[in-house]
1. Name, by its number, the condition in (1) away from every other protein chain (no Cβ under 14 Å); (2) closer than 30 Å to B:Phe27 by Cα; (3) among the polar types (S, T, N, Q); (4) in contact (Cβ under 8 Å) with a residue 24 or more places away in the chain that does not hold for B:Thr343.
2. Since B:Glu89 meets every condition but one in (1) more than 15 Å from the chain's Cα centre (by Cα); (2) touching a residue at least 12 places away in the same chain (Cβ under 8 Å); (3) assigned to a helix (DSSP H, G or I), which condition does it not meet?
3. Can you tell me how many residues within region B:390-411 are more than 9 Å from chain A (Cβ to nearest Cβ), touching a helix residue (DSSP H, G or I) at 6+ places or on another chain (Cβ under 9 Å) and over 30 Å from B:Tyr307 (Cα atoms)?
4. Restricting to region B:365-383, what's the tally of residues that are more than 12 Å from chain A (Cβ to nearest Cβ), farther than 21 Å from B:Arg417 by Cβ and buried (at least 20 other Cβ atoms within 10 Å of the Cβ)?
5. Here are B:Ile104, B:Ile182, B:Ile131: which of them is within 18 Å of the chain's Cα centre (by Cα) and part of a strand (DSSP E or B)?
6. Within the group B:Leu113, B:Leu39, which residue is buried (at least 17 other Cβ atoms within 10 Å of the Cβ) and under 21 Å from the mean Cα position of the chain (by Cα)?
7. Exactly one of (1) more than 14 Å from chain A (Cβ to nearest Cβ); (2) touching a residue at least 40 places away in the same chain (Cβ under 8 Å); (3) in contact with a strand residue (DSSP E or B) (Cβ under 7 Å, 6 or more places away or on another chain) is unmet by B:Ala282. Its number?
8. Within region A:18-37, work out how many residues are within 22 Å of A:Ala122 (Cα to Cα) and out of contact with any helix residue (DSSP H, G or I) (no Cβ under 7 Å at 6 or more places or on another chain).
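The values are calculated or read from the model by the stated rules, or taken from the named source; none is laboratory data. Keep in mind the model is a prediction, meaning the values are calculated, not measured. Note that each Cβ is placed from the backbone with ideal geometry, even for glycine, and that neighbours are counted across all protein chains shown.
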Amino acid sequence: MSEANELYQSLILDHNRSPRNFRVLEHANRCAEGYNPLCGDQFTFWLKLDGDRITDVSFQGSGCAISKASASLMTTAVKGKTVEEVERMFGSFHRMVTGQGGPDADLPPKLAVFAGVREFPARVKCASLSWHALKSAIDGEAKEPVSA
Amino acid sequence: MTTSLTDHAPARTQPPVFDVARARRDFPVLQERINGRALAYLDNGASSQRPRAVVEAEADYALREHANVHRGVHTLSQRATTRYDAVRESLRAFLNAPVADEVIFTAGTTAGLNLVASSYGRSTLQPGDEILLTEMEHHSNIVPWQLTAQATGAVIRVIPVTEAGILDLGALDHLLNTRTRIVALTHVSNVLGTVNPVRRIADRAHAAGAAVVVDGAQATAHLRIDVQALGCDFYVASAHKMYGPTGVGFVWGRQALLDAMPPWQGGGGMIQSVTFEETTYAPVPDRFEAGTPPIAQVMGFGAALEYLTGLDRALVDAHEADLLLYATEQLLRLPGVRVFGATAERVSVVSFVLDGIHPHDLGTVLDLHGVAVRASHHCAQPLMRRLGVPGTVRASFALYNTRAEVDALVEGLVEARKVFS
């Protein structure tokens with residue numbers, strides 16, 4: 001296996017090719033943009049927040065394989081979770097990709113595929129872009145259903 | 001250039017070629033290994049490497065001769081001043097400028113363009129006046145003009161880029177008008193390598209009564225610069241893209257224009273006399289060199305100019321043209337590669353995308369192969385929108401690059417294709 005394959009694990013490549021929850025979410029009540037001006041990665045995230053639980057989530061946009069797969073895997077991981085659970089996940093994910101800790105109990109195992117990102121400091125922002133956007137969507141004002 | 005060797009019988013005496021192996025010995029960094037591979041440094045458009053002579057010039061100055069310039073009566077200060085101004089004269093010769101005092105040292109191209117936009121722009125523009133830019137400008141030649149336009153009420157207009165990656169000069173007819181005061185354009189596109197016809201544009205701009213500002217950042221390492229033949233009014237560039245140090249660059253401007261311009265930054269070294277009521281300013285170039293300049297870097301810049309002008313530049317040109325042709329041919333043989341601006345007259349820069357793989361991912365896979373390229377929007381977002389891509393991969397060649405490094409680039413792309421298949 002080449003070094004490139006260590007970063008670009010098959011699960012990442014799969015989610016890059018076939019991103020999950022890649023659509024506009026009808027009846028969303030939160031929405032946020034994630035934009036990385038350095039590389040031009042640009043995604044929109046839609047949330048259905050029911051009390052403190054994310055009952056549905058989706059995204060659209062374009063970016064590199066790391067950012068797109070991270071967004072896709074994130075949506076599969078946070079659906080049905082509470083805001084507090086998601087915040088713990090984000091903390092754990094952030095520690096992992098910045099090399100401050102291994103994947104821990106707060107992180108769904110499949111997100112550990114991004115552990116290799118820590119070896120590529122220039123790509124950390126790609127991996128964490130979607131999580132920052134999700135957080136700003138959660139923290140944002142409640143909105144009328146957004147449609148694109 | 002010879003593209004086919006089969007048309008001719010083998011020559012008895014080989015034509016002279018650039019001795020790239022010898023040149024590479026001048027650049028120690030080229031021996032580095034990156035991720036276990038030989039470094040192939042193809043990011044010269046971002047910053048070129050420095051020959052030993054440049055680093056030694058900076059170090060010699062710092063270790064044996066450092067003192068402030070234009071200040072002291074003591075020997076070291078005088079020596080530093082003499083050497084500092086000697087580099088100004090070298091730069092004058094390099095640019096074929098009429099007078100050394102027309103050359104102002106700056107922190108780089110960005111600082112130089114800000115100087116011109118702030119000082120010349122703000123002192124000459126009236127509300128409704130027009131600044132004409134091009135669609136292929138680096139943000140450094142857009143944003144300073146936007147700041148000036150906001151401050152003066154001037155309006156920015158843009159020369160479009162054609163599908164072929166060249167300026168649409170046909171559009172000049174309606175873009176240039178009696179309100180056009182400044183035309184600011186790049187000599188060479190940092191994305192496409194396109195060489196713009198500065199003289200033709202300058203003649204038409206002057207006929208319309210506009211001054212011409214040229215961003216030479218990507219040109220000075222490759223082209224012979226003659227500011228008088230170009231017919232421009234300002235020419236701006238950086239040392240670090242022409243084998244010199246970071247932190248230093250220059251503005252060349254016509255004396256009559258510079259003489260009439262107000263200071264850009266105030267401070268020591270740029271005054272004649274100061275009272276709390278009034279300050280009178282030093283003549284150019286001192287007026288535009290407030291504060292202690294990057295003296296060691298200027299010494300290094302002088303060594304870079306000496307290095308560059310000491311080479312047989314016709315041989316360097318042929319070598320870089322060969323790299324460009326070879327790289328373009330090799331890239332176009334790969335399925336799914338799109339090369340931008342390949343038909344234009346250009347310097348040794350090739351910008352491309354590979355279908356289905358984001359430039360950033362290519363940049364990472366190439367880096368794992370020891371190949372350093374730029375993978376981004378290249379600080380030219382308007383041009384990216386024109387090309388319809390979020391970014392490109394750019395391989396930009398210097399005199400020390402080789403065909404083997406092009407091969408490493410191509411191998412890296414083949415590997416990327418495998419990873420993402």
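1. (2)
2. The one condition B:Glu89 does not meet is (2).
3. Adding up the residues that qualify gives 2.
4. The qualifying residues number 1.
5. Numbers: B:Ile182 fails: within 18 Å of the chain's Cα centre (by Cα); B:Ile131 fails: within 18 Å of the chain's Cα centre (by Cα).
The unique qualifying residue is B:Ile104.
6. Working: B:Leu39 fails: under 21 Å from the mean Cα position of the chain (by Cα).
Checking each option against the conditions leaves just B:Leu113.
7. (2)
8. The first filter runs over region A:18-37 and keeps only residues within 22 Å of A:Ala122 (Cα to Cα), leaving A:33-37.
Restricting the remaining residues to those that are out of contact with any helix residue (DSSP H, G or I) (no Cβ under 7 Å at 6 or more places or on another chain) gives A:35, A:37.
Residues flagged as within 22 Å of A:Ala122 (Cα to Cα) and out of contact with any helix residue (DSSP H, G or I) (no Cβ under 7 Å at 6 or more places or on another chain) within region A:18-37 amount to 2.
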